[in-house]
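Working notes, beginning with the structure itself.
The values are calculated or read from the model by the stated rules, or taken from the named source; none is laboratory data. Keep in mind that this is a model prediction, so the values were computed, not measured. So basically every Cβ, Gly included, is an ideal-geometry build from the backbone, and we count neighbours across all protein chains shown. Just the protein is used for accessible areas: all its heavy atoms, side chains included, with ligands, DNA and RNA removed. Shrake-Rupley method; radii C 1.70, N 1.55, O 1.52, S 1.80 Å.
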Amino acid sequence: MTDIRWATFDCYGTLIDWRHGLSTGMELVFPGRGAGLLDAFNRHEPQVQAQYPEMRYRDVLTEAFRRTADEAGLVLRLDDADVLAAGIAYWPAFHDTAAELARLRASGWRLALLTNCDRDIIGAAQRRLGTPVDAVITAEDVGSYKPAHPHFERFAQTFEPGPGQWVHVAQGYFHDIIPAHALDIPRVWVNRLGQSDDPSIADAVVPDLSRLTEVVAAVGTAAARREESNVTHRDV
C-alpha cells in the first residue's frame, strides 16, 4: 500500500461523448435514424458483452449495431457494419473533461481509465482527453466487460490503494456504479443524463465534471475517516 491517490474513470460516457459518437456513426449509415437507434443499441451492447466476454470491443460495437439494425427493420450492409469501430477514435471529449482532469492531476491525484474497450481504441482516445493518464485497464487486458469485477480487481491488485486513496468516477450506472458499490469502492456518479436510478448507492452524484476535484477529495476523505472509525471500533 502506498500514499498515492488515484481517481479512476470510465472513459466513454464520462469523459468522451459516447452518445454523440454513436448517433453520429449510425447517422452516417442510416440518415435521420441515428439518435433514434441509441436506446436499442444501449440495450444490445451489454447483452453482447455478457454473451461474448472475450470478444474484442470493436467486434462488440459491430455486433450490437447489427442487432440494433435488425430490431429496427433496417438492412445493415456488411461493409457498413464496422462504422462505429472505425469512427470511435474521433468521438469528442466533453467540454469539461480536459480542464477537470488537469485540475485533478495538479491537486495530486493520479489518473487511470478502467474501460470496456481494446488497447488500440483507448490509445487513440487518450489524445482527446487533454491530460495524460497514468494507467489504463481495458476489457482486452482482463478478458471481461464491466459490470463484471475484474477491471476493479486488477486495479486494486496492481496499485494497492489504501482507504481514501481510490475514488472511481463514472457516468455508467449499470457498468460502473453498481459494481463499485458491490466492491465498496468510493464512487462518484456523473449523472450527465439525469437518470432516475437510485442515487443512494453512490457516495456523491454530480451532473457533470465541474468541481469534480473538490468532490473526489471529499469522497476520499470521507472513506478514509470511515475506515479509521471502523478500525477504532474493532480495537475497542
_Highest-first arrangement of 81-89, 25-33, where packing means the average Cβ count within 10 Å_ = 81-89, 25-33
*Add -39500 (n - 2.57) for each DSSP H run of 4 or more in the chain, then divide by its residues: what number comes out at 222 nm, to the nearest 500 deg cm²/dmol?*
-13500 deg cm²/dmol
*Is region 1-72 best put as rounded, prolate or oblate by its Cα gyration tensor, with a ≥ b ≥ c the root eigenvalues, rounded for a/c under 1.5, and otherwise prolate when a/b is larger than b/c, oblate when not?*
oblate
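For a Förster distance of 25 Å, can you work out the FRET efficiency between the beta-carbons of Phe174 and Asp82, rounded to the nearest 0.05?
Values: r = 25 Å, r/R0 = 1.00.
Here the calculated transfer efficiency is 0.50.
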_Simple spin-label estimate for Gln157 and Ala50 in nanometres, 7 Å along Cα-Cβ_ = 2.4
*Report in % the part of the accessible area of the chain that belongs to carbon and sulfur, leaving out ligands and nucleic acids; probe 1.4 Å.*
52
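Heavy-atom accessible area per residue, the chain, 1.4 Å probe: how many Å²?
46
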*Net +/- balance of residues flanking Arg211 in space, Cβ distance below 13 Å, scoring K and R +1, D and E -1*: -3
*Modelled FRET efficiency - R0 35 Å, Glu27 with Glu228, Cβ distances, 0.05 increments*: 0.10
*From the square roots a ≥ b ≥ c of the eigenvalues of the alpha-carbon gyration tensor of region 97-236, which class results: rounded (a/c under 1.5), prolate (a/b over b/c), or oblate?*
rounded
*For His175, His168, His20, give the ranking by accessible area with the largest first, probe 1.4 Å.*
His20, His175, His168
*Note down the nm distance, to one decimal, between modelled labels 7 Å out along Cα→Cβ at Asp39 and at Ala106.*
4.2
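Where nothing but the Cβ of Lys and Arg (+1) and of Asp and Glu (-1) is charged, how large is the charge dipole of the chain around its Cα centre, in debye to the nearest 20?
On the way: 23 positive and 33 negative charges, 80 e Å.
Around 380 debye, computed over the chain.
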